[in-house]
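The values are calculated or read from the model by the stated rules, or taken from the named source; none is laboratory data. Only a predicted model underlies this, so the values are computations on that prediction, with no experimental measurement involved. In this analysis, Cβ positions are derived from the backbone assuming ideal geometry, glycine residues included, and neighbour counts consider all displayed protein chains. In case anyone asks, the SASA skips ligands and DNA or RNA and just uses the protein heavy atoms, side chains included. Shrake-Rupley method; radii C 1.70, N 1.55, O 1.52, S 1.80 Å.
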Amino acid sequence: TSNRFGNDDVFVVPVTGGEPRQLTFNTTGDTVQYWTPDGKGIIFSSQRAVSPWFSPLHVVAVDGGLPRPLEMDTANTGMMKQDGSVIAFTRKGGAYWRKGNRGNPTDDIWVQDVKSKTITKLTDLDTKQFRTWVQDSYPMWGADGQIYFASERDETFNIWKVAPTGGTPAQVTRHRVDGIQFPSISPDGKTIAYENEFELWTVDVPNGTPRKVADTTMAPSGNSL
């Protein structure tokens, strides 16, 4: 995602470096989510629908061309399962900076069967308890078939997981300061990367221990370790 030409658009660049190539050209913002499982397209969120508040996820081919909308009514973040059968997504894009937000504006995890188009809600199902709902966002498909996501259900944003058929979410990380931000999972669903306290962390799926990518603690001499 880059705004080098005035607003956010989708770009692709070789991992070895080079000139970024622009893939979307809409005047609204386009935000990269994930590759499609076959590696031939990029899933992105956009505001390019009839209503700026109700736009589905879109896919643009890595070779370029007209983006196509996916078949949900509205979505803000999301990822397609590795076998291409199901999409996990959110509708509102719950923001990590809205700490402690409660009530019906909070976001939840939804899944859509690609073949049947059926959409199912997985989190915060009891509408009578809407005042206790918390933010659930950034759904990611793990190699174990579970949906990993960021949630504030322990008062701090951490990684949780839930079965694609629903059930009680289980906690994965237990950060107590700041919380996790911008989680993203590898295409094979085996490693989650995220930010916490301005540091990069990773955790292996399904049973890894969170660890810093690099230690930036200052040594006595003043040099970074």
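Only residues that are open to solvent by 90 Å² or more (accessible area, probe 1.4 Å) and either at pLDDT below 85 or among the β-branched types (Val, Ile, Thr) (or both) were counted across the range 115-127, and they come to 1.
Annotation: of all residues in the range 155-176 being more than 15 Å from Gly142 (Cβ to Cβ) and β-branched (Val, Ile, Thr), the one that is surrounded by the most Cβ atoms within 10 Å (Cβ to Cβ) is Thr156. Scanning the range 6-47 for residues that are among the charged types (D, E, K, R) and surrounded by fewer than 17 Cβ atoms within 10 Å (Cβ to Cβ) yields Glu19, Arg21, Asp38, Lys40. Of all the numbered requirements in (1) in a strand (DSSP E or B); (2) modelled with pLDDT of 95 or more; (3) over 22 Å from Asp38 (Cβ atoms), Ser137 misses one, and that requirement is (2).
Candidates are the residues of the range 140-149 that are open to solvent by less than 40 Å² (accessible area, probe 1.4 Å) and part of a loop (DSSP other than H, G, I, E, B); the one that is nearest to Ile42 (Cα to Cα) is Gly142. Candidates are the residues of the range 202-216 that are within 17 Å of Pro139 (Cα to Cα) and part of a strand (DSSP E or B); the one that is least open to solvent (accessible area, probe 1.4 Å) is Val203.
Tallying residues that are over 20 Å from Phe182 (Cβ atoms), at pLDDT below 95 and assigned to a strand (DSSP E or B) within the range 21-57 yields 2. For the range 186-201, a residue qualifies if it is touching a Gly at 6+ places or on another chain (Cβ under 9 Å) and farther than 19 Å from Glu152 by Cα, and the qualifying residues are Pro187, Gly189, Lys190, Thr191.
Put simply, of Glu152, Glu195, Glu199 the only residue that is acidic (Asp, Glu) and crowded, with 22+ Cβ neighbours inside 10 Å is Glu152. Residues of the range 172-225 that are at pLDDT below 95 and among the small types (Gly, Ala, Ser): Gly179, Gly208, Ala214, Ala219, Ser221, Gly222, Ser224.
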